[in-house]
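Down below is the structure, laid out as structure tokens.
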Amino acid sequence: MTKPLIEITGLYKVFGQAPHSVMEKVKRGDSKDKVLAETGHTVGLKDINLNIKQGEIFVIMGLSGSGKSTLIRHFNRLIDPTEGKIMVEGIDVMQLSSKELEEFRRHKMSMVFQRFGLLPHRTVMDNVAYGLEIQGIEKGERYKRAQNWLDTVGLKGYEKQYPAQLSGGQQQRVGLARALATDAEILLMDEAFSALDPLIRSEMQDQLIELQEKLHKTIIFITHDLDEALRIGDRIAILKDGVLVQQGTPDEILLSPADDYVEAFVKDVNRARALTVETVMQPPALRITASTIEEALQQMKRSKHDYGYHVTEEGYQGLVTQESLIDAVEDDTCDDWHEEIYESVPVVSPDTAIEEVLTETISSDYSLPVVDDEGNLQGELERTAVAEIFSEPSSEGEENHSEEPKKPTDPTLDKAS
Ligand SMILES: Nc1ncnc2c1ncn2[C@@H]1O[C@H](COP(=O)(O)OP(=O)(O)O)[C@@H](O)[C@H]1O
Ligand SMILES: [Mg+2]
């Protein structure tokens, strides 16, 4: 396992006159409301422990006031913790001198803000070059680099414009280009897309994912929107009242929400879009491996199934039914495997979103074969398993999986956000 890039241990943040004086109450478990009522102190964060790995998009999610901004402001020490440890690349940020801290902020992390944070009296070009200016890079070089990032985010031709002349989406592209231009390894994005219209926002998400495939930065992305978190996050941490209530991959969070709070988020998600075939498929019920049709029929009869997936050393060949095998055996002009023996059933790939294979799944009489890039059969996609993901999520987990297939809701009725 690679060492985490950012390591947060036992982090507490209490806002108020004398934070340390209320730590005892906080630690014994008094609620945020109770601490506020009794002492006038606000519990910002409570015993946060998390690791962020190099090259991942780590999403911090939670409702407004849950402590998301407070948490990332600790990463570059814009806020000092009341208690706890913040290690970045093995460096304890609390131990940095003010000079070292300045360097650290300039080179290690750059931030993209919700309200873009652009300088209104500077051109687009000068906004993007700003971080480089602070780094002391000479004009020619900084314009060259800024231009490169402006081109990358699709703003060629806008160099001489001022922020107010651009749309929200374009302004945020400037913000993104500015952050990328500093060449910092870690990108902190605090609700960076939250102020954008849904369509533009979705475009920005795509662009970020695309950029990340090339750049492999470590991105810490804050959002209050689970759809956004699921779409871009490799891992997601969910905050509630300053407490980390769940940490995991998008699938883990969707399939087993830790508590009612997480479940409330999960309920509104278009799970057909967020889940992939791989997470829903089952192992194939019957693999037909026989080399002749007669043996195949024997193999099928021994199993309780009336159809199966024919596989050879070359991989998946096709879906055969008992009926077609019987016909083929009776008709002795064809005792070898041949095209016509297979049913015409679409093949799906493991990393496809369920949403994209919904029609095929629902309209097929058989569970669809799941075949990977190498042509190997990985599983089968059952109609009932697909229908199941449209049923209410359950925090009780496995026990609650009913046998009864539930009616899928209209997949086109997506939450527009
Ligand atoms: N400087 C501050 N002084 C006092 N309370 C603060 C301060 N900053 C944040 N808080 C409180 O800490 C909690 C978390 O705030 P914040 O991190 O801004 O939440 P989020 O970013 O999730 O909306 C809130 O209750 C907020 O009122
Ligand atoms: Mg915030």
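Some observations on this one:
- Failed condition for ILE72, given (1) assigned to a helix (DSSP H, G or I); (2) surrounded by 18 or more Cβ atoms within 10 Å (Cβ to Cβ); (3) more than 16 Å from ligand 2 (Cβ to nearest atom); (4) not polar (S, T, N, Q): (3)
- Subset of segment 223-241 that is within 30 Å of LYS34 (Cα to Cα) and surrounded by fewer than 23 Cβ atoms within 10 Å (Cβ to Cβ) - its residue that is nearest to ligand 2 (Cβ to nearest atom): HIS224
- Segment 24-51, subset hydrophobic (A, V, I, L, M, F, W, C) and either modelled with pLDDT under 95 or surrounded by fewer than 17 Cβ atoms within 10 Å (Cβ to Cβ) (or both), residue nearest to ligand 2 (Cβ to nearest atom): LEU36
- When residues in segment 285-336 are screened for being surrounded by fewer than 17 Cβ atoms within 10 Å (Cβ to Cβ), within 35 Å of the chain's Cα centre (by Cα) and part of a strand (DSSP E or B), 2 of them pass.
- Residue count for segment 155-191 under the criterion of being closer than 20 Å to HIS107 by Cα and in contact with a Leu (Cβ under 9 Å, 6 or more places away or on another chain): the result is 14.
- The number of residues in segment 109-125 that are surrounded by 18 or more Cβ atoms within 10 Å (Cβ to Cβ) and more than 16 Å from ligand 2 (Cβ to nearest atom) comes to 5.
- Flag if ASP33 is within 13 Å of ligand 1 (Cβ to nearest atom) and part of a helix (DSSP H, G or I): yes
- Qualifying positions in segment 1-23 - among the β-branched types (Val, Ile, Thr) and at pLDDT below 95: THR2
- Tally, over segment 226-284, of residues that are within 16 Å of the chain's Cα centre (by Cα), part of a strand (DSSP E or B) and without any contact (Cβ under 8 Å) to a residue 40 or more places away in the chain: 2
- Entry remark, segment 40-58: residues being away from ligand 1 (no atom under 13 Å from the Cβ) and either assigned to a loop (DSSP other than H, G, I, E, B) or touching a helix residue (DSSP H, G or I) at 6+ places or on another chain (Cβ under 7 Å) (or both) number 5 in total.
Rundown of residues vs (1) out of contact with any Asp or Glu (no Cβ under 6 Å at 6 or more places or on another chain); (2) within 19 Å of ILE52 (Cβ to Cβ); (3) hydrophobic (A, V, I, L, M, F, W, C); (4) within 16 Å of ligand 1 (Cβ to nearest atom), yes/no style:
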position	(1), (2), (3), (4)
ASP234	no, yes, no, no
LEU244	yes, yes, yes, yes
PRO250	yes, yes, no, no
ALA258	yes, no, yes, no
ASN270	no, no, no, no
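- Applying a threshold of 9 Å to beta carbon distances and a minimum spacing of six or more residues, or different chains, the list of pairs starting in segment 111-124 at a residue that is under 25 Å from LEU71 (Cα atoms) and ending at one that is within 16 Å of ligand 1 (Cβ to nearest atom) and in a helix (DSSP H, G or I) reads MET111/ILE72.
- Note on segment 75-86: residues that are in contact with a strand residue (DSSP E or B) (Cβ under 8 Å, 6 or more places away or on another chain), more than 16 Å from ligand 2 (Cβ to nearest atom) and over 9 Å from LEU11 (Cα atoms) total 1.
The values are calculated or read from the model by the stated rules, or taken from the named source; none is laboratory data. Just so it is clear, the structure is predicted and the values come from calculations on it, not from any experiment. Positions of Cβ are backbone-derived with ideal geometry, glycine not excepted, and every protein chain shown enters the neighbour counts.
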